[in-house]
Amino acid sequence: MCGIVGAVAERNVSAILLEGLKRLEYRGYDSAGLAIINTGQQLERCRAQGKVAEVERKLLEKPLLGHLGVAHTRWATHGKPSESNAHPHLSSDEIALVHNGIIENHEALKNQLQAAGYLFTSETDTEVIAHLVHQTYQQTQDLTEAVKKTLAQLEGAYALAVIHQQHPNELVCARKGSPLVIGVGLGETFCASDPLALLQVTDRFIYLEEGDLATLTLNEQRIVNQQGEQIKRPILQWEHGNQAAEKGEYRHFMLKETYEQPSVIAATLEGRLADNRVLPHALGAAAMELLPKVKQIQIIACGTSYHAGMVARYWIERLAGLPCQVEVASEYRYRKVVVAENCLFVTLSQSGETADTLAALRFAKNAGYLGSLAICNAPGSSLVRESDLSLITQAGPEIGVASTKAFTTQLTALLLLTLSLRRAHLPDPQAKDVVEAELVEALRSLPRIAEATLKLDTQIEVMAQDFAEKNHALFLGRGSHYPIAMEGALKLKEISYIHAEAYPAGELKHGPLALVDDTMPVIAVAPKDDLVDKLKSNLQEVRARGGELFVFADPDSFLEPEDGMKVIHLPAIHDVLAPIIYTLPLQLLAYHVAVLKGTDVDQPRNLAKSVTVE
Ligand code: G6P
C-alpha cells in the first residue's frame, strides 16, 4: 500500500505535499515524511512515526521551503513502523525516493550495494532503489536514465517518485504493479497514488500504464512506455467533484459514508432503469452482445468486495439461472483453475487497485474466459482500464478504511448485472418479465428504505453498549444473508478489534454452538424469506444454551423482544433486496461499538484501505 505524492511548481510545494498525504492516509498511516530541494538547492527531509499530523507538527517547528519535493505515507511491509523506516529514503544526501510496492529481490541488490560501499539506514526494501539510482547516476549524470536502468534491475511491484538535488526542476516517477497518476496543473506538475491527493491543485490527470516512466517538469510530462518508446497518454478531466475530503457534520468518515448510502445507491441506479426493466445499455453496448453468450460466471474479489460477490452468487443462480462461482483473489490467482465454457470473469473492487484482484484479472485474460467485467468504484483505476467491460458504482470516494457505501453500491450494481443476465437469457428478450418488473420497482424504493433504516441509529447505539466489554461475537444468517453476517463480523473486528465470526445459522450445531454461553453475544439477521422459520429454530438453540441474542428482523417475522433476545425491526423490504438493507444496521452496530471502545474508527490499527501489495 502506502501513498506517494510528488510536486514540481513555481510555488512552495510543502503545503501541497502535506495536503496530498492527508488525503492518502487511507492507504497507510504508520509513518510519513517528505523531502524537498530547498531554495539553496539542498535536499532536506522531515519524517515521523505515526500519522501525517506528526510530520505536520514537525514542519510547523521547522518549515521546509522549495519548489520540488516528494512525500509518502506508509503501511509497513519490510521493517517496523519507525522514523528510520519512513520514506523518503535518501542516497548520499543527493537523491530522495518514495516507493509503494514490494521489491522482491531487495536482498540480493542490498548485498551488491553494500559491497560497493553503500550504507543502509533502514530495514526497508525501498532503500535499495535509492542507492541503485545513485549508483547508476554516477555513470550517466541523467536522472531519468538512471531511474530507467534501475527499474530494469527490480523484481516486484512499484510506484515511485525520485528527485535529485542537481535537478531542481525534475521529478521522475514510474509505475509497475502499483497505481500512479500525473496531475497536470498550469505551469506545475504533480504525481500521486490517487487523483484524490491532488484535487486541491488540479482536476486534470494522466493515468500511467504498467511499465511507464515519466519525467515531469513545470510544463512538461515526458512518458516512455515499458518498451522504452516515447508515448503520449491522454489528459483526462476529473468529473467526480472534491466532496470526499471533508467529514462535514459527522464525527467520522465511516459514519458520513454510512449515511450517504441512500443517495449513492440512487446514483448507482440513475440512468440504468426503465419503467419495468433494467435498461439494455446499463452495462454498456459491448455487454449487450456478450451477455447472451454467457453460460457461467466467475466472481473474484477481496475483503468486503468478496462478500458482495457471495451475495451475487445467490442472486445469479436464483434469478438468471446461471452457475456462479465466487473466490477470494489471493487464492484464485495461485491455483490451477479449470475454466468453464463461455464463462464471464467478474471482478469486484472499490479501489480497482487491489493487487490480488488485479493479478487474478491479468491471469484470467489468457485463461480462456469469454470476457471480463469490472464492477468498480474508481473509473480510472487499473482494474477498469484492463477489463473488457465495466460497471461503475457511484459511491464517490470512500475514505473510511472499513468499507460501507462501496459495498451496498456494489450489491446494487450486482443486482443490475443479475437482471441483465436474466433478460439476456429469456426466451424472448424483448418481452415483459414480471420478476424483473417487480425487482425494478423494489430497486426504485431502495434509497427510501435505506433512509428509513438509518433512522434506527439511536436504537442501535443503545444496543452497542452491550458489546463494549465483550471479546467475541458470533454473527448468523442464512441464504443470501450468510454473506451479510460475514460482512457484519468483518466490520466489527476491523474497527472494534472484537473477535467476530460468521456462520450460516444451519451450521451452528456442527461446532460453534460449543462456544455459546452468556458471554458470547450472537447477532442474527432475520429478513422475511423462505428460511426465516429455520433461522428461528437456530436462534432457539442459542437461547437454550444461555446465549444472548441480538436480532435485526422483519416486522412480519414474528420475532419479538423477550428475555435474552433484543430485537430491532427493520422496514419491510423485498426479500431479494434485503441483503442490501440488512447490512446497514450491522455497519452502525460496529461503528457505535468502536466509538464506545475508543478505537481509531476511520484508520483502524494495522489496516489500510487500498491494498496494492500482495
Ligand atoms: C482492504 C480494505 C477493505 C476492502 C479490501 C478490498 O482490505 O480495507 O475494506 O474490502 O481491501 O478492496 P477493494 O478496493 O478491492 O474493494
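Just so it is clear, none of the values below were taken in a lab; they were calculated from the coordinates. Note that the coordinates shown come from a computational prediction; the quantities given were computed from them, not determined experimentally. With ideal geometry, Cβ positions are generated from the backbone for all residues, glycine too; neighbour counts draw on all protein chains shown.
Plugging the Kirkwood radius over Cα pairs into Stokes-Einstein for region 158-209, at a temperature of 4 °C and a viscosity of 1.567 mPa s, what D comes out in µm²/s?
Values: Rh = 11.5 Å.
It diffuses with D of about 113 µm²/s by this estimate.
Fraction of C-alpha pairs exceeding 20 angstrom in region 129-250: 44 percent, rounded to a whole number.
If you take the Cα centroid of region 1-54 and the Cα centroid of region 70-111, the two points sit 14 Å apart.
How high is the relative contact order of region 256-375, in percent, with contacts defined as C-alpha pairs under 8 Å that are six or more residues apart? Walk me through the numbers on the way to the answer.
Details: 158 pairs, mean separation 29.8, N = 120.
Once normalised by length, the contact order is 25 percent.
With +1 assigned to the C-beta of every Lys and Arg and -1 to the C-beta of every Asp and Glu, and no other charges, what is the dipole magnitude of the chain about the Cα centre in debye, to the nearest 20?
Working: 57 positive and 75 negative charges, 109 e Å.
My answer is approximately 520 debye.
With viscosity 1.002 mPa s and temperature 20 °C, the Kirkwood radius over alpha carbon pairs of region 505-553 converts through Stokes-Einstein to a diffusion coefficient of 196 µm²/s. When the charge dipole of the chain is built from unit charges on Cβ atoms (+1 for Lys and Arg, -1 for Asp and Glu) and taken about the Cα centre, the candidate among Ala468, Phe407, Val516 whose Cα reaches farthest toward its positive end is Phe407.
One quarter of the convex hull surface built on the alpha carbon atoms of region 408-553 amounts to 10.3 nm², the projected area averaged over directions. At 20 °C and a viscosity of 1.002 mPa s, what translational diffusion coefficient does Stokes-Einstein give for region 392-447, taking Rh as the Kirkwood radius over Cα pairs? Give it in µm²/s as a whole number. Roughly 166 µm²/s, to the nearest whole number. When region 379-529 is described by a simple charge dipole with +1 on each Lys and Arg Cβ and -1 on each Asp and Glu Cβ, the residue from Thr393, Val525, Gln430 located farthest towards its positive end is Gln430. For region 1-110, taking the reciprocal of the average inverse distance between every pair of different Cα atoms yields a Kirkwood hydrodynamic radius of 13.8 Å.
With the convex hull constructed from alpha-carbon coordinates only, region 188-232 shows a mean projected area of 3.2 nm² over all directions.
For the chain, the 222 nm mean residue ellipticity estimated from helices alone, with every DSSP H stretch of n ≥ 4 adding -39500 (n - 2.57) and the total spread over all residues, rounds to -10000 deg cm²/dmol. Give me the percent of Cα-Cα pairs in region 133-179 that sit more than 16 Å apart, rounded to a whole number. Percent of Cα pairs beyond 16 Å in region 133-179: 36. Here region 220-342 yields Rg over Rh of 1.05, to two decimals, using C-alpha coordinates and the Kirkwood radius.
Within 10 Å, count the other beta carbons around each residue, average over each peptide in 264-271, 119-126, and list them highest first.
Numbers: 264-271: 19.2, 119-126: 17.2.
Per-residue mean Cβ counts within 10 Å order the peptides as 264-271, 119-126.
For the pair Glu469 and Arg385 in one chain, pulling the backbone fully straight at 0.36 nm per residue adds 25.6 nm over the alpha carbon distance.
Please work out the Kirkwood hydrodynamic radius for the chain, using every pair of different C-alpha atoms, and report it in angstroms with one decimal place. Walk me through the numbers on the way to the answer.
Details: mean 1/r = 0.0393 Å⁻¹.
Result for the chain stands at 25.5 Å.
Report, please, the projected area of region 557-614 averaged over directions, based on the convex hull of its C-alpha atoms, in nm².
Numbers: hull surface 27.8 nm².
It is 6.9 nm².
Kirkwood hydrodynamic radius computed over region 332-407 comes to 12.9 Å, based on all pairs of distinct alpha carbons. Candidates Ala578, Gly284, Cys46 compared by Cα position along the dipole of the chain: farthest toward the positive end lies Gly284, with charges placed on Cβ. In this simple spin-label approximation, Asn606 and Asp428 carry label points 7 Å from Cα along the Cα→Cβ vector, and these lie 5.9 nm apart. Converting phi to 3J(HN,Hα) with the Karplus coefficients 6.51, -1.76 and 1.60 and the offset θ = phi - 60°, region 568-576 yields 10, 7, 9, x, 5, 8, 3, 4, 5 Hz in sequence order, with x at every glycine or proline.
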